[in-house]
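The structure under discussion appears below in the form of C-alpha cells.
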Amino acid sequence: MLFRSRLLPFLVGGSLIALGAILLLSVEPWKYSNLEHFDPSDNPLGSWLTGGGLIIVGLVFALPPLVQWMSEGAFKEAVLELPEEGAPLGGETVVRVRLVPRKALKVASAELRLITEEAAEYIEESEGISFNNEDQNQLRTRLMELHRWNSRLAVPLELSEPLELDVAIPIPRELPPTFRWDRHMAQTRLELEVNLVGRMDLHLEKELIILPRYAAPSAS
C-alpha cells in the first residue's frame, strides 16, 4: 500500500510533465519571427503558459515520491515496525527501527518523532453578495498539533552493518484516541528521520493507532 501511495502521484506527475512538454514542443516559435505572418488568433502564449503550468504541477506531484525513493536507495532495508494492535493510553509502546545499508553511510543524526494532530472541517461563510446565485460558503480545515515527542536515536556516525533498535515511546493518558467521524478526526503518527552526509535524507512515516481507554489491555 505504501508503494502504491507513492506510485500514484509519481505517475500522475509524470503524465502532467509529459503532457506539458508535448504542448510546449508543439509550439513553433519561428513561425512568429516574421511579423507579416503573425496571426493574433494563433498566439502561442496560451500554449506556453498552459504547458509550463502542467510541468510545474507535475513536478509538485512527482518530486516528493522520487526524493523518497532516492533516499531509501541508500538502504537495502529501512523499516519502522509498529504494534499492529495499537498503543494504549497512559503506557508505553515499543517500536522497532531496522536499517540495512547497501554500503557504508555517514550519518549526521537520527531522530524518531511522535506527533498527534486533530483536524476539523468547518464551513466559512463568505462576506459580500453573490452575483451568480451560487453558494459562496467555503469548506476549510483547521489543524492543531496536540502533542509532540522526539528522541535522538543511537545510530553510529558510520553505518556499515545492519542496525536494529527497539524504542519505548510514552503515550500520555490525555491524548485523544484515534478517531474519524464526519468532519472531525484525531491522528497520531511516527516519523523517522535519518540525516545522511552526502546522500538524500531518509524519511519514514507511519500512523500509530491510539486505543481508547476502555480498549486498553488490563494489567493482570
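The values are calculated or read from the model by the stated rules, or taken from the named source; none is laboratory data. Here the structure is a predicted model, which means the values were calculated and not measured. Cβ sites come from the backbone with ideal geometry, for glycine too, and all protein chains shown count toward neighbours. Calculation scope for accessible area: heavy atoms of the full protein, side chains included, ligands and nucleic acids excluded. Shrake-Rupley method; radii C 1.70, N 1.55, O 1.52, S 1.80 Å.
Set the Förster radius R0 to 35 Å, insert the Cβ-Cβ distance between R102 and V57 as r into 1/(1 + (r/R0)^6), and round the FRET efficiency to 0.05. It would help to have the intermediate numbers written out before the result.
Numbers: r = 33 Å, r/R0 = 0.95.
Working from the Cβ atoms, E equals 0.60.
How far, in nm, would the chain grow between L19 and E81 when pulled straight, counting 0.36 nm per residue and subtracting the alpha carbon separation?
Length gained, L19 through E81: 18.4 nm.
Could you calculate the contour length gain from R148 to M200, that is, 0.36 nm times the residue separation minus the distance between their Cα atoms, to one decimal place in nm?
Length difference between fully extended and current span is 16.3 nm.
In nm, to one decimal, how far is the modelled label at V94 from the one at T141, with both set 7 Å along Cα→Cβ?
With each label point 7 Å from Cα toward Cβ, the separation is 3.5 nm.
Could you sort M200, M185 by accessible area so the largest value comes first, with the probe set to 1.4 Å?
M200, M185
Could you sort L54, L112, L19 by accessible area so the largest value comes first, with the probe set to 1.4 Å? Write down the numbers at each step before the final one.
Values: L54 40, L112 0, L19 95 Å².
Correct descending sequence by accessible area is L19, L54, L112.
Give me the distance in nm between label points sitting 7 Å out from Cα along the Cα-to-Cβ direction at E161 and V12, one decimal.
Between E161 and V12, the simple spin-label model gives 4.4 nm.
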